[in-house]
Amino acid sequence: MTIKQIQDEIVDEFSMFDDWMQRYEYIIELGKSLPLIDEQYKIEENIIKGCQSKVWVHGVEQDGKIVFTADSDAILTKGIIAILIRAFSNQSPKDILDANTDFIDEIGLKEHLSPTRANGLVSMIKQIKMYALAFQAKQ
């Protein structure tokens with residue numbers, strides 16, 4: 001699936017919920033299904049700067065695509081990174097760099113987060129794009 005198709009799927013899933021409490025619960029559920037980062041990657045250099053909670057993101061290249069794993073010490077944040085990982089993992093660096101993140105606004109995520117969490121979300125996206133940039137430079 002393309003990044004856009006995955007993002008559209010996520011938007012559809014969120015549109016099924018009537019209120020934000022249900023959406024928060026869904027985000028927390030998504031966090032529970034997150035492919036866990038290996039303990040060896042829970043290091044300072046993989047921590048997302050600008051998040052109020054700890055979020056680790058690690059990417060490796062496999063067959064020209066970047067595979068991300070992540071974890072967080074906060075359940076909501078873990079769900080947010082799970083959404084991003086779902087959209088951007090197993091995609092080529094070019095596709096990740098070219099992808100827009102409008103789907104975040106479409107599901108209303110940014111406007112329902114505290115300012116520090118919203119900043120953390122932006123930092124997570126930035127980190128994922130930085131991985132893509134680094135891997136693209138190696139190709």
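The values are calculated or read from the model by the stated rules, or taken from the named source; none is laboratory data. Keep in mind the model is a prediction, meaning the values are calculated, not measured. As a convention, Cβ positions derive from the backbone with ideal geometry for all residues, glycine included, and neighbour counts pool all protein chains shown. Calculation scope for accessible area: heavy atoms of the full protein, side chains included, ligands and nucleic acids excluded. Shrake-Rupley method; radii C 1.70, N 1.55, O 1.52, S 1.80 Å.
Per-residue answers, yes or no, for (1) at pLDDT below 95; (2) open to solvent by 10 Å² or more (accessible area, probe 1.4 Å):
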site	(1), (2)
Val67	no, yes
Ala74	yes, yes
Leu84	no, no
Glu106	yes, yes
Leu113	yes, yes
Val122	yes, yes
Ala137	yes, yes
* Asked: Do you know which residues across segment 107-123 are within 15 Å of the chain's Cα centre (by Cα) and not in a loop (DSSP other than H, G, I, E, B)?
  -> Lys110, Arg117, Ala118, Asn119, Gly120, Leu121, Val122, Ser123
* Asked: From Lys78, Lys54, Lys42, which residue is under 26 Å from Met16 (Cα atoms), surrounded by 12 or more Cβ atoms within 10 Å (Cβ to Cβ), touching a strand residue (DSSP E or B) at 6+ places or on another chain (Cβ under 8 Å) and not polar (S, T, N, Q)?
  -> Lys78
* **Failed item, numbered, when Lys126 is tested on (1) part of a strand (DSSP E or B); (2) closer than 18 Å to Gln7 by Cβ; (3) charged (D, E, K, R)** => (1)
* Return the pairs, sorted by first residue and then second, in which the second residue is part of a strand (DSSP E or B) and of a type outside the set (Val, Ile, Thr), the first residue lies in segment 20-45 and is farther than 18 Å from Lys110 by Cβ, the beta carbons are less than 6 Å apart, and the residues are 6+ apart or on different chains. => Leu36/Asp71; Ile37/Trp56; Ile37/His58; Ile37/Ala70; Ile37/Asp71; Tyr41/His58; Lys42/Trp56
